[in-house]
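Student: Before anything else, here's the structure in question.
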Amino acid sequence: MYVVPKATTATLMMASAAISRLPKADLDTDKVMMSVLNSAKDCTPIGEMVATMLVGAKGMMRGGLLRWFKERKIRRMSAILLERHSNEELKSLALTLLSMQNVADFFALTAFLSEANILKPTKAEAETTASGLR
C-alpha cells in the first residue's frame, strides 16, 4: 500500500515529462508480440511516471538538495515498481493515480489559457492604425 500526496500541477507536469520519454507506440497488429518486445526495453519511464505520482513533486521545482533527494527516491521507487509489480498491477496503479491527479481540471486550465492566448492580439496587430499603416 502506498500513501499518495495531494495532486499538484507540478506532479502532473513531471509525470507528463516521464511519459514524453516513452517510445512512440507503433504496434504492428500482425506482429503485436514482436512490436511490444522491441519497444519494452525503452519503457522505464512508466516506472518513473508512477513513482513521480507516488512521491509527489513538492520541492522539485526549486532544485537544490531536496530535488536531488527526491530524484533519487523516484529512481529507487521506479526500480522497485518495475521489478516487483506485474504489468497488470502497474497499469492499474498508473490508472488509479492518474485519476487522482485531476487531469480533466489541468486540461481545462491549459485549454482555457491556450484559447486566451490565441484570442489575444499580437503586439503588431495592436499597433496597426485604422488605415493599416504603422
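Student: Of all residues in the range 4-34 being assigned to a loop (DSSP other than H, G, I, E, B) and touching a residue at least 40 places away in the same chain (Cβ under 8 Å), which is nearest to Arg84 (Cα to Cα)?
Tutor: Val4
Student: Among the residues of the range 15-28, is any surrounded by 15 or more Cβ atoms within 10 Å (Cβ to Cβ), closer than 30 Å to Leu109 by Cα and touching a Cys at 6+ places or on another chain (Cβ under 7 Å)?
Tutor: Yes, some residue in the range 15-28 is surrounded by 15 or more Cβ atoms within 10 Å (Cβ to Cβ), closer than 30 Å to Leu109 by Cα and touching a Cys at 6+ places or on another chain (Cβ under 7 Å).
Student: Looking at the range 84-105 only, could you name the residues that are in a helix (DSSP H, G or I) and touching a residue at least 12 places away in the same chain (Cβ under 8 Å)?
Tutor: Leu90, Leu93, Ala94, Leu97, Leu98, Met100, Val103
Student: Assuming Arg134 fulfils every condition listed in (1) of a type outside the set (Phe, Trp, Tyr); (2) modelled with pLDDT of 80 or more; (3) touching a helix residue (DSSP H, G or I) at 6+ places or on another chain (Cβ under 7 Å) apart from one, which condition is it?
Tutor: (2)
Student: While we're on this one: For Ile80, work out the one condition from (1) of a type in the set (A, V, I, L, M); (2) under 19 Å from the mean Cα position of the chain (by Cα); (3) closer than 18 Å to Val4 by Cα it doesn't fulfil.
Tutor: (2)
Student: Quick one: in the range 8-53, of everything that is modelled with pLDDT under 80 and small (Gly, Ala, Ser), which residue is farthest from Gly63 (Cα to Cα)?
Tutor: Once the filter is applied, the top-ranked residue is Ser35.
Student: Another question about this same structure. Return the residues of the range 38-83 that are in a helix (DSSP H, G or I), of a type outside the set (Gly, Ala, Ser) and closer than 16 Å to Ser20 by Cβ; say none if nothing qualifies.
Tutor: Across the range 38-83, the qualifying residues are Thr44, Pro45, Ile46, Glu48, Met49, Val50, Thr52, Met53, Ile74.
The values are calculated or read from the model by the stated rules, or taken from the named source; none is laboratory data. Computed from a prediction, not measured in an experiment: that's the story for all the values here. Every residue, glycine as well, gets a Cβ built from its backbone with ideal geometry; the counts of neighbours run over all protein chains shown.
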